[in-house]
1. Do the sum for the chain: with -39,500 (n - 2.57) for every DSSP H run of n ≥ 4, divided by all residues, what is the mean residue ellipticity at 222 nm, to the nearest 500 deg cm²/dmol?
2. Straight-line reach from Lys21: which lysines have Cα under 18 Å away, leaving out those fewer than 8 places along the same chain?
3. Among the lysines, select those whose C-alpha is under 20 Å from the C-alpha of Lys6, and discard any that sit fewer than 8 residues away in the same chain.
4. Which of the chymotrypsin sites (Phe, Trp or Tyr not before Pro) found in the chain are loop residues per DSSP with 13 or fewer other Cβ atoms within 10 Å of their Cβ?
5. Need one number: nm distance between label points at Phe47 and Gln5, each 7 Å from Cα along Cα→Cβ, rounded to one decimal.
6. Compute the semi-axes of the equivalent ellipsoid of the chain, taking the square root of 5 times each eigenvalue of the Cα gyration tensor, and list them largest first in whole Å.
7. In segment 13-79, what trypsin sites (Lys or Arg not before Pro) fall in a loop by DSSP, with at most 12 other Cβ atoms inside 10 Å?
8. Using Cβ-Cβ distances only, list the Cys residues of the chain with no partner cysteine under 4.7 Å, sorted by number.
Amino acid sequence: MRQYQKETKEVKSVQKIICNKCGKEIPVSNGRETEGVFHVNYTWGYFSEKDGERHSFDLCEACYDTLLKGFRIPAEIEG
Ligand SMILES: [Zn+2]
């Protein structure tokens, strides 16, 4: 999850990022994360049972790795 600081009415900067799974705080400097973080901001579509719901959360790198280890079929990783 992300906490924002309002700079102006339109502009807001990230003040704090916390891993939704383990509660670890990801360090932020000048409104940007300084460690790897998996940010999800997804709006479910019409054919789901969550039509129109926007889900957002953050995972630290360790929790992301744990998530991927739970996959029966590995994620595709390039690069
Ligand atoms: Zn975590």
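1. On the way: 1 runs with 9 residues, N = 79.
Calculated mean residue ellipticity at 222 nm is -3000 deg cm²/dmol.
2. Cα-Cα hits under 18 Å: Lys69.
3. Lys16
4. Details: sites: Tyr4, Phe38, Tyr42, Trp44, Tyr46, Phe47, Phe57, Tyr64, Phe71; in loops: Trp44, Tyr46, Phe47, Phe71.
Hits after loop and neighbour filter: Trp44, Tyr46, Phe47, Phe71.
5. 4.4
6. On the way: eigenvalues 123, 80, 24 Å².
Equivalent ellipsoid semi-axes, largest first: 25, 20, 11 Å.
7. Numbers: sites: Lys16, Lys21, Lys24, Arg32, Lys50, Arg54, Lys69, Arg72; in loops: Lys21, Lys24, Lys50, Arg72.
Counting only loop positions with at most 12 other Cβ atoms within 10 Å, the trypsin sites (Lys or Arg not before Pro) in segment 13-79 are Lys50, Arg72.
8. By the Cβ distance rule, which asks for a partner under 4.7 Å, the isolated cysteines are Cys22, Cys63.
Only the coordinates and a few stated rules stand behind these numbers; no lab work does. Everything numeric in this text was worked out from a predicted model, so none of it was measured. All Cβ positions, glycine included, derive from the backbone under ideal geometry; neighbour counts span all protein chains shown.
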